[in-house]
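Nothing in this text is a laboratory measurement; each read-out follows from the coordinates by a stated rule. Remember, it's a predicted structure, so these values are computed and weren't measured experimentally. With ideal geometry, Cβ positions are generated from the backbone for all residues, glycine too; neighbour counts draw on all protein chains shown.
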Amino acid sequence: MTSFPKLLLPAAYVTDAAQHIRLAKTRVSLLTMVVADDASTDELIDALSEAAERGVDVEVSADIFTYGELSGFFFPTRYRTAQSRKTTRMSKRFINSGVKFIWLGRSHATLFSGRTHIKWCMVDDTVYSFGGVNLYKKGIENNDYMLTIDDGLLADRLIDEYHRLVRADAGDYSYRSHSFKHGDDTVLIDGGFVGDSIIYRRACQLAAEATHVTLVSQYCPTGKLSGLLKKTSSRLYFNPPSNAHHLNRAVIRTGMFLSGHKTLYTKSRYLHAKFMLFDMPDGRRVAMTGSHNFVNAGVLLGTREIALQTENPRTIKQLEDFLRTVIV
């Protein structure tokens, strides 16, 4: 079964996914950068464990960056906070209930290089992806979204990608970024190869051709894309430095200083959504949406990412509605 993508805000995504997981018949495959057991994720954590206990094939992977995010430390060996300890108990609960649980990125020395930044969840033939929602209280409170699509073929393909990624992480190797067609849309995946991002390259290609670009990201665009956006009509929405803390504040300030870009985003709620809208000379409208922040640092550090490139007017309208109602 195939359907058009539907945009879900973070809390609605968690609730919808948990409901589907409770009804899952054969499989659940969840990949996220950050996952934690707190009041905002209780229903999802319970649903995953209960599904595994009743015999559903449940696999969950999250990046070890989770501990750095929860603890405020740069190295993943200092699991000292109460929330970090609770997250360790969550992972043990997963394993005891029969969930195939894996922490990704253990072989990396710091929390910066080789991160898995992809977010997706497949429940039987339902896919949740192409957004930026991390599964913990702060992530769910951000201005963000996920797309959900009922499509068994897409679910099959992304589960294959999941297993490829897990094997690569276990073997401490990366693979080239690549893409595949999904109907009239294109799915783009960065495999963590340092300096290689098909998502960033495609964003640059489209920006170079477009007559107007709208960008939404948590960070100020950097690198080649930044220069291209200065050469064309563009509207940029990213967090002002005052919305961020510690390293993120420094990243945004540095990006703004080097690029000269200003942000149109004025709200105090942290912006974590990531998409671009391109108006093309021939009248086409193209969107890119996913986990990539459209900054060059992710390319240089070999971050694993996913994005959807689409010209579907229904999907584009939902992104525009999100822009109008949540961002502007």
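Numbers below:
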{"read-out": "Gain on full stretching of the segment that runs from Asp184 to His163 - 0.36 nm per residue minus C-alpha separation", "value": "5.1 nm"}
{"read-out": "Stretchable slack from Lys317 to Glu43, in nm (0.36 nm times residue separation minus alpha-carbon distance)", "value": "95.6 nm"}
{"read-out": "For the stretch 103-189, alpha-carbon Rg and Dmax in angstrom", "value": "14.2, 40"}
{"read-out": "Cross-link reach list, lysines versus Lys231, counting only Cα pairs under 24 Å and skipping chain neighbours closer than eight places", "value": "Lys262, Lys274"}
{"read-out": "Counted charge near Lys231, where neighbours are those whose Cβ lies closer than 14 Å (Asp, Glu -1; Lys, Arg +1)", "value": "+1"}
{"read-out": "Over the chain: helical MRE at 222 nm, DSSP H runs n ≥ 4 each giving -39500 (n - 2.57), nearest 500", "value": "-11000 deg cm²/dmol"}
{"read-out": "Extension gain, Arg284 back to Lys25 (0.36 nm per residue minus Cα-Cα distance, nm)", "value": "89.2 nm"}
{"read-out": "Spacing of the two label points (7 Å from each Cα toward its C-beta) at Ala170 and Asp57, in nm", "value": "1.4 nm"}
{"read-out": "Most mobile listed residue (Ser242, Ser234, Ser84) in the chain, GNM with C-alpha springs under 10 Å", "value": "Ser242"}
{"read-out": "Efficiency of FRET between Lys224 and Lys100 - r from beta-carbon atoms, R0 51 angstrom, step 0.05", "value": "0.85"}
{"read-out": "Distance between modelled label sites at Lys137 and Ala208, nm, 7 Å Cα→Cβ extension", "value": "4.6 nm"}
{"read-out": "Inverse of mean 1/r across different Cα pairs in the stretch 131-244, Kirkwood, Å", "value": "16.7 Å"}
{"read-out": "Centre separation in Å (Cα based) which lies between the stretch 195-218 and the stretch 31-61", "value": "34 Å"}
{"read-out": "Where only alpha carbons of the chain are counted, the Rg and the Dmax (Å)", "value": "18.7, 56"}
{"read-out": "Cα convex hull of the stretch 6-170 - mean projected area over all directions, nm²", "value": "8.6 nm²"}
{"read-out": "Restraint check, Lys138/Lys181; Lys25/Lys100; Lys6/Lys137; Lys86/Lys119; Lys92/Lys181, Cα-Cα greater than 28 Å", "value": "Lys138/Lys181; Lys92/Lys181"}
{"read-out": "Pair-distance profile P(r), taking every C-alpha pair of the stretch 178-327, with 5 angstrom steps and integer %", "value": "2, 10, 19, 23, 22, 16, 6, 2, 0"}
